[in-house]
Amino acid sequence: MNLENHLTSIVKELLTKHYATEIGEKMIQFQKTRKDFAGDITLVVFPLAKIAKKSPVQVGEEIGTILKAEVDLISDFNTVQGFLNLVIADSYWLNNLNKISLEDDYGSAADKGSRLMVEYSSPNTNKPLHLGHLRNNFLGHSFSRILEANGHKVVKTQIVNDRGIHICKSMLAWERFGDGSTPESTGLKGDKFVGKYYVEFDKVLKQETATVISKWENGNFEESAEFETEYTRLATAMAAKEDDKAKKGLADKIKKLANNATPIMQDVKEMLLKWESKDPHVYSLWQKMNGWVYEGFEDTYKAMQVSFDKLYYESNTYLTGKQMVEDGLEKGIFFQKEDGSVWIDLTADGLDEKLVLRGDGTAVYMTQDIGTAQQRMQDFPDLNGIVYTVGNEQDYHFKVLFLILEKLGYEWAKNCHHLSYGMVDLRNDKGEVGKMKSREGTVVDADDLVNEVVLTAKEMTEERGHIEGMTEEEKQNLYHLIGLGGLKYFLLKVDPAKRMTFNPEESVELNGNTGPFIQYVHARICSLLRKAGELDKTPIKETISLHEVEREILKKLVEYPIIVKAAGAEYSPAVIANYAFDLGKTYNSFWQSVSVFKEEDNELKRMRLELSRNVARVIKSAMYLLGIDVPERM
């Protein structure tokens, strides 16, 4: 039982007796004591003042006196307006230290008997992973561990987006401009090699789009009458507009129309149709190029230290989705337009009409997501829910997906959750912050970024010294541990819902709210414990008088299971990250405020060593939940 629950039952019983009236638990409200007041936990007195018919200050003093006299747990109190700040006896904290020392898996909850699936990464096989994928992977992998710590069995998965028009773009570009080159012949990783042709396709598409628009502006229409009619409508509307924003919106629509009219876009659409009909040449090309990409992805995941239990491929699940759409069409859940496309009308639910199948019969993202969800439930019949780790640009998509699944009659759809996160911006050499665009090649490559932070960690570690006596292999492992730890921590310490700007140099700093700072605290404690040798395992005496900073550390250690639970409930590894930083910062204050080995009182020295040992245990546990390793020497 945590402190708040324990005190609630005590206070309820005492005050019911004192005021001779039943005191409901809702009237007993506790909160954290403000840092500028003495105390460990605060009772809000205002609701109780109404029963006592006295001022909040009077009631606070009255209740404080009762608790101090009758409850050994309370050593002192003070009243500030309507808030009763209670000081908890040192014996309580020391008793908890002894309990924590005996728990092998402190902070983790008992098995809840439920299984959840967490989806993350979900890359496209037309480009390498980038900075945005790093945040996605680190969030999903970390949250999987947090769910496990909260007593759930977890299946870590991804859906590989290995089909669709974007994949065909890379295929078509390689076929036309690759001249038979391969990752091996160019020395490029497979995913980077294929991504190069995705960028090449976009360059050609832009040139052809500009040519089409120029022809249309001169009245030269070689395309179908539908293109001419739509262009004329948009151009006339744009000419009539005076607002720049409105003009730009119509210009963008013209650009999109011209884009679809280009020869290269017509060719790539034809390639997609051939792929779906399993044309031997196109299908063989698809298998070969995806194979190159998978080899590249595997190397990146290994460097990132993330893994999966089960992989799904859009090429396997989109057919299930198409069948589900056809079944739903027969039941009247979906409707068909004149061009043969299939839609669902969600306007009555506050959304809009959503395309689920194109007029030519090809699937869209929504089609495969419907099929993948169903396939997962078939593969894991005991699955209680799915957590999708996807950027907030897809918030609307997931609202629609979950609603469609509900309308199809799947009860489990109510247990699906979108772990939505903000985009990661990069800062260029001019100090400008911008959004990454894969098709334009303006991305921060994941491999390059991991290598960069490891190199920066190497330079900073060598500059500080303290690595004498390490073998070269130990040094390289340490550089990677610090660099990757700094990168993960930087991307996880920010609440997932917030957009963020990444700073690689700041991520590996030893000072401030960084991963290396917390890693260093752990390494410092390990050094202390090595010097101490084997510790006495007998319980710490609960009669010791604690220093203020020792009490603060113990309060944080006691809070750890609550933090783990909160991180799960809030879908936020940032809760764990910032707790680990606060714990490390508090231990630093302890290090500077009291002595361990110079302490003459043997029991006090033993308590400080045991306190330090448990801080290291909790830091290691918290960082593990973030997917970060901690060194014993640094």
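Every read-out reported here was derived from the displayed coordinates using simple, explicitly stated rules and does not represent laboratory data. Note that the structure is predicted; figures quoted are calculated from it, not measured. Ideal geometry is used to build each Cβ from the backbone, glycine not excepted, and the neighbour counts take in all protein chains shown.
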What is the gain in length, in nm to one decimal, between Met238 and Ser284 on full extension, counting 0.36 nm per residue of separation less the C-alpha to C-alpha distance? 12.1 nm
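Taking the radius of gyration and the Kirkwood hydrodynamic radius from Cα positions alone, what is the Rg/Rh ratio for the chain, to two decimal places?
A ratio of 1.06.
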Tell me which of Ser91, Leu357, Cys168 sits at the most positive position along the dipole axis of the chain, charges placed on C-beta atoms (Lys, Arg +1; Asp, Glu -1). Ser91
Inter-label distance for Leu346 and Lys99, nm, one decimal - labels placed 7 Å from Cα along Cα-to-Cβ: 4.6
Compute the FRET efficiency between Asp382 and Met423 as 1/(1 + (r/R0)^6), taking r as their Cβ-Cβ distance and R0 = 35 Å, and round to the nearest 0.05. 0.50
Give the angle, between 0 and 90 degrees and rounded to the nearest 10, that separates the Cα long axis of helix 446-464 from the longest principal axis of the Cα atoms of the chain. 40
Starting from 0.36 nm per residue, how many nanometres of slack lie between His6 and Lys399 once their C-alpha separation is accounted for? 137.4 nm
Quick one: putting +1 on the C-beta of Lys and Arg, -1 on the C-beta of Asp and Glu, what dipole do you get for the chain around its Cα centre, in Debye to the nearest 20? 920
In whole Å, what is the distance between the alpha-carbon centres of segment 98-164 and segment 239-269? 41
Of the listed links Lys203/Lys288; Lys255/Lys288; Lys35/Lys565, those spanning more than 26 angstrom between alpha carbons are Lys255/Lys288
What distance in nm lies between label points placed 7 Å from Cα along the C-beta direction at Tyr19 and Lys203? 7.7
Simple spin-label model, 7 Å along Cα-to-Cβ: Ala569 to Lys54 in nm? 3.3
Selected from Pro496, Tyr106, Ser420, residue furthest toward positive end of dipole (the chain; charges at beta carbon): Tyr106
Tell me what the chain gives for mean residue ellipticity at 222 nm when only DSSP H runs of n ≥ 4 count, each as -39,500 (n - 2.57), the sum divided by the residue total, rounded to 500 deg cm²/dmol. -19000 deg cm²/dmol
Report the FRET efficiency, 1/(1 + (r/R0)^6), for Ser185 and Ser75, where r is their Cβ-Cβ distance and R0 is 60 Å, rounded to 0.05. 0.20
Please compare each pair in Lys112/Lys555; Lys26/Lys153; Lys274/Lys322; Lys354/Lys407; Lys99/Lys541; Lys17/Lys50 to a cut-off of 23 Å on the Cα-Cα distance and tell me which ones are over it. Lys112/Lys555; Lys26/Lys153
